[in-house]
1. Quote the relative contact order of the chain in percent (integer), defining contacts as alpha-carbon pairs under 8 Å separated by 6+ residues.
2. Rolling a 1.4 Å sphere over the protein heavy atoms, what is the accessible area per residue of the chain, to the nearest Å²?
3. Out of residues 5 or more away from ILE153 or on other chains, whose amide H comes under 5 Å of its own, with H placed 1.01 Å from N in the peptide plane?
4. Which ³J(HN,Hα) values in Hz, rounded to whole numbers, follow from the phi angles of segment 85-101 under the Karplus curve 6.51 cos²θ - 1.76 cosθ + 1.60, where θ = phi - 60° and Gly and Pro get x?
5. What is the set of long-range amide H partners of ASN210 at a cut-off below 5 Å, with H atoms built 1.01 Å from backbone N?
6. Give the residue list of GluC sites (Glu not before Pro) in segment 128-200 that are DSSP loop and have at most 15 other beta-carbon atoms within 10 angstrom.
7. Listed highest first by mean packing, meaning other Cβ atoms within 10 Å per residue, what order do 15-23, 125-133 come in?
8. Which of the peptides 276-285, 173-182 is most tightly packed, and how do the rest follow, going by the mean number of other Cβ atoms within 10 Å of each residue?
Amino acid sequence: MYDDQLAPAVEETAAAIASMEIRGAATIAAGAAEALATQARETETDDPAAFRSSIRAAARALRETRPTAVSLPNALRYVLQRMEGRDVERLRRTVVDASEEFVRQLDRAQEDLGQVGANRLADGDVVMTHCHSTDALACIEAAVEDGKEIEAIVKETRPRNQGHITAEQLREAGVPVTLIVDSAARRYLDAVDHVVVGADSIAADGGVINKIGTSGLAVNARERGVPIMTAAQTIKLHPETLTGHTVEIEMRDETEVIDAEPRESIGEIAVENPAFDVTPPRYMDAIVTEHGQFPPESIVTLMRELFGEVAEEPWAEP
Ligand code: RUB
C-alpha cells in the first residue's frame, strides 16, 4: 500500500465511527488511535515523506467521521505529534508506540477518574444516568467496588436508546436498574441523590457538550437541588475553544427520529435531530477528571496547562 491509500481497516473504522457502531467519546478516540497504528503497519513505502502523507490521510479520513467529540482530534493529535524519524521504520515505530501509549493512558485515566467520581457518591445513593458514558460508568462501578450500595435510574436516551447499554452494564455490575423514558426524568429526580453524565467535549468556559437532553436534565436537577457531575477524562477538553471557537453540534439523520411511513402520513413537516447540546457551567456541579474534580468555571486552567493556546492540525498537508 502506498502514499495516500487507506488501509481497509482504517476505512472500516471510519465507517464504524460514522455509523455509531463505534461510539462514545473515549471509545471513538481509542478506535481512531488504533486505526492510525494499523495505517502505519500497512503502509509500504521507503519514502519518509510518502509515509507521513499516508498517516495524515488516514487521520483526515478519521477526523471527518463525527464533528462533536473532541477526543477524536485529540487522539489524532497525540499520535501525529509523536511521529518522528528520518526513515520509515523509525516513523512507523513512533506511530505504533504513540497509539499504544494513548490507549493505555485512556484506560488509566478512566480508572483514576472513576475513583474521584466514586468519592462523590455515598453508600445507598440513587444515581440518574443519561446516554452511555464509559467515564460516567467508571465512577459508579468504582463506588460499587468500594462496597457502596448504589441504585440507578437510567434514561433511555432517545433517539438511539444508548440508555439500554448503560442499563445492561450497570446490571452486570450488580446495580439495581430502573429504566425510564427521557420525559419521566424530572418526576424521578426527587428520588435521586446524584446525576452522573459524561461529555463529548468541554469548552474553555466550562460548558459541557454531551448527548442531547443533558442540559435539560441539568437544569431540572438544579431546580430539584440534586447534584450533577460530568465524568470526563482530559482528552474531552476542547483546546480550540481557548481561542473562541465554538463546538460543532452534530445533526444526524431524521430517520433516527421518525420512520418514513408515519412521516409521510403526517404531511409536510421539518424534522431535526441534533445529537448533542451544551450545558452552561452554572448548571454543572463538578467536572471529574483523572487529575481530580474541578468546578466547571476553573477547567480552563487545566486546559491551558495540558494543551497550551494553539490547537494544531497536524493532519493537514504542509
Ligand atoms: C455518547 C455520549 C457520551 C459521551 C461520553 O454519544 O454522549 O455521553 O460520548 O462517553 P454518542 P464516554 O452515542 O452519540 O457517541 O464517557 O464513553 O467517552
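1. Contact order relative to length: 18 percent.
2. Solvent-accessible surface per residue comes out at 44 Å².
3. Residues meeting the amide H criterion: VAL127, MET128, THR129, THR178.
4. x, 8, 10, 5, 4, 5, 4, 4, 4, 5, 5, 5, 4, 5, 4, 5, 5
5. ASP200, ASP277, THR279
6. For GluC sites (Glu not before Pro) across segment 128-200 that sit outside H, G, I, E and B with at most 15 neighbouring Cβ atoms in 10 Å, the list reads GLU149.
7. Final packing ranking: 125-133, 15-23.
8. 276-285, 173-182
The values are calculated or read from the model by the stated rules, or taken from the named source; none is laboratory data. Just so it is clear, the model here is predicted, and its values are computed rather than measured. Heads up, the Cβs are rebuilt from the backbone with ideal geometry, glycines too, and the neighbour counts pull from every protein chain shown. Heads up: the accessible areas ignore ligands, DNA and RNA and are worked out on the full protein's heavy atoms, side chains in. Shrake-Rupley method; radii C 1.70, N 1.55, O 1.52, S 1.80 Å.
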